[in-house]
Amino acid sequence: MMTKSIMIVGVGGQGTLLTSRVLGGIIQEAGYDVKLSEVHGMAQRGGSVVTFVRYGEKVWEPIVEEGQADVLIAFERMEALRYAHFLKKDGVLIINDWRIDPITVVTGAAEYPKDIIQKLSKSHKVYTVNAMEEAIKLGNSKAFNIIVLGMAARHMDFAKEDWLKVIERTVPSKTVEINERAFLIGYEG
Amino acid sequence: MAKKKIMLGNEAIARGAYEAGVKVSAAYPGTPSTEISENIVKYDEIYAEWSPNEKVAMEVAIGASISGVRAMSSMKHVGVNVASDPLYTASYSGVNGGLVLVAADDPGLYSSQNEQDTRCVARAAQVPVLEPSDSQEAKDFVKFAFDISEKYDTPVIVRTTTRLAHSQGMVVLEERADIPDKIYERNISKFVMMPGMAKVRHLHVEQRLKAMEEEGCDFPVNRMEMGDTSIGFITSGIPYQYVKEVCPEASVLKLGLVHPLPRKLIEDFASKVDKLYIFEELEPVIEEQVKSWGINAIGKEAFTKQGEYSANMLRNVILNEKTEGIKAEQVPARPPILCPGCPHRSVFSVLSKLKLHGAGDIGCYTLGAVAPLSVIDTTICMGASISSLHGMEKAKGKDYVKNWVAVIGDSTFMHTGINSLMNMVYNQGTGTVLILDNSTTGMTGHQDHAATGKTLKGEIVPAIDIYNLCKAIGIKHVTEINAFDLPALEKALKEETARDEISVIITKSPCVLLKGNVFPNKCVPIPEKCRKCGACLKPGCPALTRNEDRTISIDETMCNGCGLCMQLCPFEAIEKQAK
């Protein structure tokens, strides 16, 4: 198979690293070669963060570049807009419909872009979820990223049971149940 | 079947150390090298420590090597500068047990103050360098580094970059080698580097490099992959992956040994291809040497010295594909910021109010340089806040530094700040030093240090008391203040900066991300009381936003309940949530 490229974008502290660990786990489970590339250090402090995931028979490059992504998972609206040009023409865009103001907006130096989802829908296949609201209903706001991942999982070729198995062995043991429920909210809608 | 695991580059390096039979590891945290030690510590067979700085870490590893065991030290590229004193001379002495330094470069400056290339340091120190290009090689090359360290009697540098260190890939696990300790024998001509001995050892260094230049041609870490000979690439590390991604048909000489260069192998490869490209990130280290041998090649004429490379860079240059046509939307920048509830924000709000300049240092608090806090004026390297403030005073006089403070974190203070403070005492500086003690090494993800009372292995040990340390070196005016006590902070800063004597203010409050450090209850706005003045927004807490009607909202998923906004509100329009 051709190498598949997935990107997870968001704001430092939103838990992109956990999501990519689950994704790495399911790919390994399926027996593919895989490379993941992450951002650690200073950028994690509330900055714009990106994780690249590539898998296939043999993966060379560990990053995803402009125009190359099959799936883009955005944990925040404006970050979806920032990285949408990384998608292939027929790529899928999953957006957590959630707003986090960057400091440039808080201080009034910049304005948060309007109508992001309408704008992106014109040029891309867009699927949205307000995962934060759903996660708060579930009782743990931190589980929102697994809801988003569940939604993205609809566009990947791995079995539901395998996803749940990987979640079980990847997330902290106390949060297995809530994360499995979170995944199903995203996966089954 | 062999056991396979997805591993971060740094995790694979740790595994390599384990499999190579390493017994001692010493390091100081620094992105992108930190996870090496955090993974090494999981192997009970290895003694692993956080040392106060990279020089100490390197010396611990050198001592272990002299005693006869395999030892490793790891650090970020700028850490190598701190460790360069022992490194340059360990190069002369050589080793007893194998000695490896893992140096992590940061092309693209993801989390560093410069973009220096460790290969240049290695050339100056005359130490061989291996450069892996994925997680599997990271593990394998560390093992090979120990073999050649012992064979050629030299420390060996394994050079990684951020992209390798923080990428995950498949790794085949093997067993730990049983490496018997080498016998220690007193040998002052090797281990006492006074001039007469060092002169002789310098000859050994030259012979060693010459031998490696020749024998390196047969090292398994170098690989010639012949394909279409109209184009050939000499490359190493992560850039190799971009070459394979974009030009799978081209001929490639993939170098694992990047210093000394395996000259005959390179000359042989160059003679087989029509057009030769040298594809290396940062400095033209391979290129300049290859060109000096009279070989025609294209390097930095086509590719940058600055920043990280990519496959698209090759698509543009080699395939003439226009990838810059794919335009990004103009979106407001989202720079990194201090976390909600960060004690540094509280301290900086006072510095900002008093219009004090900060001579800054390396840590999360560097973020105080940018708006809206804008209190840090300088950042150079670890420990430079205190010494540069002292330099300003000696240049311009005591009154000049009365509206300045040095700003340094606890871990950075233990790293090299203490030396600078001793200098201020000795040379009668009168400045004010602010030690932001958040009980951890914050930026790199919470590592312990000598003043936290816990080791890398998790043992509880006596913590060095920064207050008493300052007292012991002769500073009379040392104050400890809770970082969120704004009135006390303001009072102390006014008094201490006005004083014609050196003083230290230690602000204490643990990093808000440390486990178990939770403020009771979150902050909530009371819109009826809000006068829309914006005082709460001034320090730039990301949990706060202005509403359309100019009142404020506090994002409850982000608020950590530190109460700074509450303290800053003149109208009591923010309160703590009822439980």
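Each reported figure results from applying straightforward, stated rules to the coordinates on display, with no laboratory input. Not measured: the values here are computed from a predicted model. Glycine gets a Cβ as well: all are built from the backbone with ideal geometry, and neighbour counts include every protein chain shown.
When Cβ neighbours within 10 Å are restricted to other protein chains, what is their mean count per residue of peptide A:95-105? Don't skip to the end; give the middle numbers.
Numbers: counts 0, 0, 0, 1, 2, 7, 9, 7, 15, 7, 6.
What the average comes to for A:95-105 is 5.
Among residues other than A:G10 with Cβ under 9 Å from its Cβ, the summed charge is -2 (Lys and Arg +1, Asp and Glu -1).
Using every pair of distinct Cα positions in chain B, the Kirkwood expression returns a hydrodynamic radius of 26.1 angstrom.
Using a 10 Å cut-off on Cβ atoms, rank the peptides B:564-576, B:350-362, B:546-558, B:152-164 from the highest mean neighbour count down.
Working: B:564-576: 17.6, B:350-362: 21.1, B:546-558: 14.9, B:152-164: 26.5.
Answer by packing, highest mean first, reads B:152-164, B:350-362, B:564-576, B:546-558.
Each other residue within a Cβ distance under 11 Å of B:K76 adds +1 if Lys or Arg and -1 if Asp or Glu, for a net charge of -3. Counted residue by residue at 0.36 nm each, then reduced by the alpha carbon distance between them, the extension gain from A:S141 to A:D33 reaches 35.6 nm. Each of the peptides B:342-348, A:155-161 was scored by the mean count of other Cβ atoms within 10 Å over its residues; in descending order, highest first, they stand as B:342-348, A:155-161. Model label points for A:D90 and B:V200, set 7 angstrom from Cα along the Cα-to-Cβ axis, are 7.3 nm apart. Take every DSSP beta bridge whose two residues both sit in chain B; close to 25 percent of them are antiparallel. In a fully extended conformation the segment linking B:A369 and B:V192 would gain 59.2 nm over its present Cα-Cα distance, using 0.36 nm per residue. Taking 28 Å as the limit for the C-alpha separation, the pairs A:K88/A:K114; B:K151/B:K199; B:K244/B:K272; B:K42/B:K471; B:K210/B:K272; A:K137/A:K160 exceed it in the case of B:K42/B:K471.
In plain terms, the residue of B:C217, B:C541 with the fewest other Cβ atoms within 10 Å comes first and the most crowded comes last, giving B:C217, B:C541.
Looking at the range B:4-218, the DSSP beta bridges with both ends there are about 20 percent antiparallel. Shape class of the protein assembly as shown from the Cα gyration tensor (axes a ≥ b ≥ c, square roots of the eigenvalues): oblate, since a/c reaches 1.5 or more and a/b does not exceed b/c.
Counts of other chain beta carbons within 10 angstrom of each beta carbon in peptide B:368-381 average 1.
For the residues of B:241-251, the average number of beta carbons from a partner chain within 10 Å of their own beta carbon is 3. DSSP assigns beta bridges within the protein assembly as shown; of those with both partners inside it, close to 35 percent run antiparallel. FRET efficiency for the B:I473 to B:E249 pair, using the beta carbon distance and R₀ = 56 Å, is estimated at 0.30. Each residue in A:K119, B:K254 was given a count of other beta-carbon atoms within 10 angstrom of its own, and listing them fewest first yields A:K119, B:K254.
Most tightly packed first, judged by the mean number of other beta-carbon atoms within 10 Å of their residues, the peptides B:132-142, B:81-91 read B:132-142, B:81-91. You can think of it this way: the chain between B:E480 and B:K322 has 51.0 nm of extra reach, that is 0.36 nm per residue less the Cα-Cα gap. Measuring r between the beta carbons of A:D97 and B:T557 and using R0 = 22 Å, the FRET efficiency lands at 0.90. Computed across the range B:4-218, the Kirkwood hydrodynamic radius from all distinct Cα-Cα pairs reaches 16.8 Å. Put a dot 7 Å past the Cα of B:K275, heading toward its Cβ, do the same for A:K122, and the two dots end up 4.0 nm apart. In a reduced charge model with +1 at each Lys and Arg Cβ and -1 at each Asp and Glu Cβ, chain B shows a dipole moment near 1240 debye about its Cα centre.
For the options A:A152, A:A109, A:A135, a Gaussian network treatment of chain A with springs between C-alpha atoms closer than 10 Å singles out A:A109 as fluctuating the most.
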